[in-house]
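The values are calculated or read from the model by the stated rules, or taken from the named source; none is laboratory data. Quick caveat, the model's predicted, so the values are computed rather than measured. Cβ placement follows ideal geometry from the backbone for every residue including glycine, while neighbour counts extend to all protein chains displayed. In case anyone asks, the SASA skips ligands and DNA or RNA and just uses the protein heavy atoms, side chains included. Shrake-Rupley method; radii C 1.70, N 1.55, O 1.52, S 1.80 Å.
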Amino acid sequence: MQAKKLNVKDKYRLLTRDLDWEFSYEDRKEAFPYEEFEGIKITDWDKWEDPFRLTMDAYWKYQAEKEKKLYAIYDAFAQNNGHLNVSDARYVNALKVFLTAVSPAEFASSNGFAWAGRHYGGAGARVAAQMQSIDELRHYQTQIHAMSHYNKYFDGFEEFPHMHDRVWYMSVVKSFFDDCRSSGPFEYIVAVSFAFEYVLTNLLFVPFMSGAAYNGDMATVTFGFSAQSDEARHMTLGLEIIKFLLEQHEDNVPIVQEWIDKWLWRGYRILAVVAMMMDYMLPQKFMSWKEAWELYFEDAGGALFKDLERYGIKMPDFTETIKNEKDHISHQAWWVFYSHGHAAAFHTWTPTAEELDWLSEKYPDTFDQYYRPRLEAAAELEAKGERFYTAGLPQLCQTCQIPMFFTNVDEGKPTEIVYRESTYNDERFHFCSNECKHIFDREPEKYVHAWLPVHQIFQGNCGGGGLDEVMEYYRMGLGEMNLDYKGSPDEKRWKKWKGVA
Amino acid sequence: MPVKAIRPDYHGEHRDARANFGGAILVYIDWDFHRWFCTPKTFPLPPDMPFGALIEAVIPEGFGQHPQFSEIDWGSVEWTLDHEPFTPDMGRGIEEQGFGHKCILRFSTPGLTENI
């Protein structure tokens, strides 16, 4: 007799693996045309362990319950003017960075998982990728909704989709996802699920969500909690995909190693913006970038790579460079944005005296020697009414597209720029690091047509050559979203609400 | 292999080829060790521009905001072009002196090494 209700195991099988079928009259290779060109060898898709153990109906049910709770809190936050409870209006600029840089990445990631999921020959991987695609879309939406309240009261939020394809620093995140989405399905999932979600995600989410908690931002904290169970699933998928690929065939090992090296590096480069957010943008600080790197990468990542040793995977060589950079990059990145504050869609400022002391304490080996004098000089200029905005446009790295601010810390020369270059088809290309050069050298055809914002301005493709024209092309408006926090419309409104002269 | 692609003939157009800059070449300039300017800067320059004009117009525009700039003794500045020592001829055009598209010109100012 047939049971009225299926047990969980049967239901799971029917709603995932059983959705697959044998190809009797079509060529299987034509159905999955992207499965082989990367060189990855899959001998048995049945060895795939489903990391989520979720069926689609259960997934909808859980997610719907989370949404209900989340939106109830968003409503309460809005009705109670929650934006007035944040530590200081400067904090909101961290949210502007999040919405303009991270949220479009969630959308790109959703798109990537939908595509990659279509192209795996195994049903388990297809279902896992499909769920993550929907998760990422949900994160994109819920982030926009969390920020929409702030958008009513602060500048810098409203044009984020327009800016994503144009503004010089957003091109950094865009190029990351353009790069992995134009790879094959296996490189894509190693890049996003393993390198980013598994290894680096704690260095993105914890800083923003803890930053929100320390600074009274309930909406963002609640979003963070709501995304947490999704993130846990994403991390599990990241580890599963690595183990699966490595166990399928020994020829996969060197390919996977190259991808791990490449994508950990590209992910790490993007985190420079998180580093500066933690050290400079949070009025209430919870941890320095250096401490976060040590905790979440050096300790946790060290243990992970120890586990992967048995597959023949090793920790990338460049982690020594990152170790050397951890005393510098937050200060250098903030200086890039401070000195280009005229071309950023968020406000910048010099730290208060207390904040300078905190930085001195957290960075005893570098801050007082290299960075404090510069910030104090900038504050003096501000006091004279001569706030420093650097003239001209920076040189960018061809691979990561970040302004070439990284310095030669490996050789103990923290004020000397790192220059690396390659020549390909008689044209020269410049890089910020050995790793960005190496990534280019492996696949130059992929990076020769990078859309480098500075070069595009000089080719006349960004509205014109003057600052006003470029700002109009970016839809920033001079003196609204950009320039210093002091004197900004944001600051004026905040003081009015708080009754401060 | 220049790219791993599903098509063996995949080719990316060089988006920043010299021909795309309206006759100019890109020159990246850095004042060594002066991180008041966070990165080297990018300048599209006419290839026949005399080196002297670079010192008179381009470099002040890009680096004049540094408090030490007015103290620079241009006679004692040390130049490198593409990381090799370089002695400029003020009257001759930059391309004639070896400046190519996307070259790197660095100058250092011994005595003015104070960092802010």
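Conditions (1) under 23 Å from A:His347 (Cα atoms); (2) among the polar types (S, T, N, Q); (3) in contact with a Cys (Cβ under 7 Å, 6 or more places away or on another chain), marked per residue:
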{"site": "A:Asp165", "(1), (2), (3)": "yes, no, no"}
{"site": "A:Thr201", "(1), (2), (3)": "no, yes, no"}
{"site": "A:Asn215", "(1), (2), (3)": "yes, yes, no"}
{"site": "A:Thr222", "(1), (2), (3)": "no, yes, no"}
{"site": "A:Ile242", "(1), (2), (3)": "no, no, no"}
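Of all residues in region B:1-13, which are in contact with an Asp or Glu (Cβ under 7 Å, 6 or more places away or on another chain), open to solvent by 30 Å² or more (accessible area, probe 1.4 Å) and under 15 Å from A:Phe429 (Cβ atoms)?
The one that is in contact with an Asp or Glu (Cβ under 7 Å, 6 or more places away or on another chain), open to solvent by 30 Å² or more (accessible area, probe 1.4 Å) and under 15 Å from A:Phe429 (Cβ atoms): B:Pro2.
Which of the residues belonging to region A:16-56 are open to solvent by 70 Å² or more (accessible area, probe 1.4 Å), of a type outside the set (Lys, Arg) and assigned to a helix (DSSP H, G or I)?
Residues of region A:16-56 open to solvent by 70 Å² or more (accessible area, probe 1.4 Å): A:17-19, A:21-22, A:24-30, A:36, A:41, A:43, A:46-47, A:49, A:53.
Filter again for of a type outside the set (Lys, Arg), leaving A:18-19, A:21-22, A:24-27, A:30, A:36, A:43, A:46, A:49.
Across region A:16-56, the qualifying residues are A:Asp18, A:Leu19, A:Glu30, A:Asp46.
Quick one: B:Trp79 ticks every box in (1) touching a residue at least 24 places away in the same chain (Cβ under 8 Å); (2) in a strand (DSSP E or B); (3) facing chain A (nearest Cβ under 8 Å) except a single one, so which number is it?
(3)
Could you go through region B:51-71 and let me know if any residue there is within 24 Å of B:Gly91 (Cβ to Cβ), assigned to a strand (DSSP E or B) and within 9 Å of chain A (Cβ to nearest Cβ).
no
From the residues in region A:466-490 that are outside any helix (DSSP H, G or I), in contact with a helix residue (DSSP H, G or I) (Cβ under 7 Å, 6 or more places away or on another chain) and not basic (Lys, Arg), which one is most open to solvent (accessible area, probe 1.4 Å)?
Checked region A:466-490; the qualifying residue most open to solvent (accessible area, probe 1.4 Å) is A:Leu483.
For region A:293-333, which residues satisfy the criterion of being open to solvent by 10 Å² or more (accessible area, probe 1.4 Å) and not in a helix (DSSP H, G or I)?
Matches in region A:293-333: A:Gly312, A:Lys314, A:Met315, A:Asp317, A:Phe318, A:Lys326, A:Asp327, A:His328.
Residues are listed down the side, and each one gets a yes or a no for (1) among the aliphatic types (A, V, I, L, M); (2) at pLDDT 95 or above:
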| position | (1), (2) |
| --- | --- |
| B:Lys4 | no, no |
| B:Arg7 | no, no |
| B:Tyr10 | no, no |
| B:Arg18 | no, yes |
| B:Ala24 | yes, yes |
| B:Asp30 | no, yes |
| B:Phe37 | no, yes |
| B:Lys41 | no, yes |
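Which residues, taken from region A:355-403, are within 10 Å of another protein chain (Cβ to nearest Cβ) and of a type in the set (A, V, I, L, M, F, W, C)?
A:Leu375, A:Ala377, A:Ala378, A:Leu381, A:Phe388, A:Ala391, A:Leu393, A:Leu396, A:Cys397, A:Ile402
For region A:227-254, what are the residues that are open to solvent by less than 10 Å² (accessible area, probe 1.4 Å) and either within 25 Å of A:Ser148 (Cβ to Cβ) or in contact with a Ser or Thr (Cβ under 7 Å, 6 or more places away or on another chain) (or both)? Outline the logic, then answer.
The initial filter retains those residues of region A:227-254 that are open to solvent by less than 10 Å² (accessible area, probe 1.4 Å), namely A:227, A:230, A:234, A:237-238, A:241-242, A:244-245, A:252.
The answer is A:Ala227, A:Asp230, A:His234, A:Leu237, A:Gly238, A:Ile241.
Of these, A:Gln143, A:Gln130, which one is polar (S, T, N, Q) and either open to solvent by less than 10 Å² (accessible area, probe 1.4 Å) or on the phi > 0 side of the Ramachandran plot (or both)? Quick ask: steps written out before the conclusion?
On the way: A:Gln130 fails: either open to solvent by less than 10 Å² (accessible area, probe 1.4 Å) or on the phi > 0 side of the Ramachandran plot (or both).
That would be A:Gln143, the only listed residue that is polar (S, T, N, Q) and either open to solvent by less than 10 Å² (accessible area, probe 1.4 Å) or on the phi > 0 side of the Ramachandran plot (or both).
Scan region B:33-51 and tell me whether some residue there is loosely packed, with under 14 Cβ neighbours inside 10 Å and aliphatic (A, V, I, L, M). Steps first, answer last, please.
Keep residues of region B:33-51 that are loosely packed, with under 14 Cβ neighbours inside 10 Å, which gives B:48.
Filter once more, keeping what is aliphatic (A, V, I, L, M): none.
No, region B:33-51 contains no residue that is loosely packed, with under 14 Cβ neighbours inside 10 Å and aliphatic (A, V, I, L, M).
Would you point out the residue of region B:82-114, among those that are in contact with a helix residue (DSSP H, G or I) (Cβ under 7 Å, 6 or more places away or on another chain) and under 30 Å from A:Ala378 (Cα atoms), that is farthest from the other protein chains (Cβ to nearest Cβ)?
B:Pro110
Mind checking whether some residue in region A:445-454 is assigned to a loop (DSSP other than H, G, I, E, B) and open to solvent by 40 Å² or more (accessible area, probe 1.4 Å)?
Yes: one or more hits.
For residues that are in a loop (DSSP other than H, G, I, E, B) and within 7 Å of chain A (Cβ to nearest Cβ), scanning just region B:33-50, find the one that is nearest to A:Arg374 (Cα to Cα). Steps first, please.
Going through region B:33-50, the residues in a loop (DSSP other than H, G, I, E, B) turn out to be B:33-40, B:46-49.
Filter once more, so that each one left must be within 7 Å of chain A (Cβ to nearest Cβ): B:33, B:35-40.
On the way: B:Phe33: 13, B:Arg35: 9, B:Trp36: 7, B:Phe37: 11, B:Cys38: 11, B:Thr39: 15, B:Pro40: 17 Å.
The extreme case among them is B:Trp36.
Would you call A:Asp179 modelled with pLDDT of 95 or more and closer than 28 Å to A:Ala300 by Cα?
Yes, satisfied.
Considering each residue of region A:404-425, count those that are facing chain B (nearest Cβ under 7 Å) and either part of a strand (DSSP E or B) or not aliphatic (A, V, I, L, M) (or both), and give that number.
Going through region A:404-425 one residue at a time, the tally reaches 6.
What number of residues in region B:97-116 are of a type outside the set (S, T, N, Q), over 27 Å from A:Pro414 (Cα atoms) and either assigned to a strand (DSSP E or B) or touching a residue at least 40 places away in the same chain (Cβ under 8 Å) (or both)?
Within region B:97-116, residues that are of a type outside the set (S, T, N, Q), over 27 Å from A:Pro414 (Cα atoms) and either assigned to a strand (DSSP E or B) or touching a residue at least 40 places away in the same chain (Cβ under 8 Å) (or both) number 3.
Only one residue in B:Asp16, B:Asp30 is in a strand (DSSP E or B), crowded, with 16+ Cβ neighbours inside 10 Å, in contact (Cβ under 8 Å) with a residue 12 or more places away in the chain and not hydrophobic (A, V, I, L, M, F, W, C). Which one?
Unique residue meeting the criteria: B:Asp30.
Could we say that A:Cys462 is more than 8 Å from chain B (Cβ to nearest Cβ), on the phi < 0 side of the Ramachandran plot, over 22 Å from the mean Cα position of the chain (by Cα) and at pLDDT 95 or above here?
Answer is yes for this residue.
Starting from residues that are within 19 Å of A:Ile322 (Cα to Cα) and not basic (Lys, Arg), keep the ones in region A:426-447 and report whichever is farthest from the other protein chains (Cβ to nearest Cβ). Explain how you work it out, then say what you get.
Keep residues of region A:426-447 that are within 19 Å of A:Ile322 (Cα to Cα), which gives A:431-439.
Pick out the ones that are also not basic (Lys, Arg) and you get A:431-436, A:438-439.
Details: A:Phe431: 12, A:Cys432: 9, A:Ser433: 13, A:Asn434: 16, A:Glu435: 18, A:Cys436: 14, A:His438: 14, A:Ile439: 12 Å.
Per the criteria, the residue is A:Glu435.
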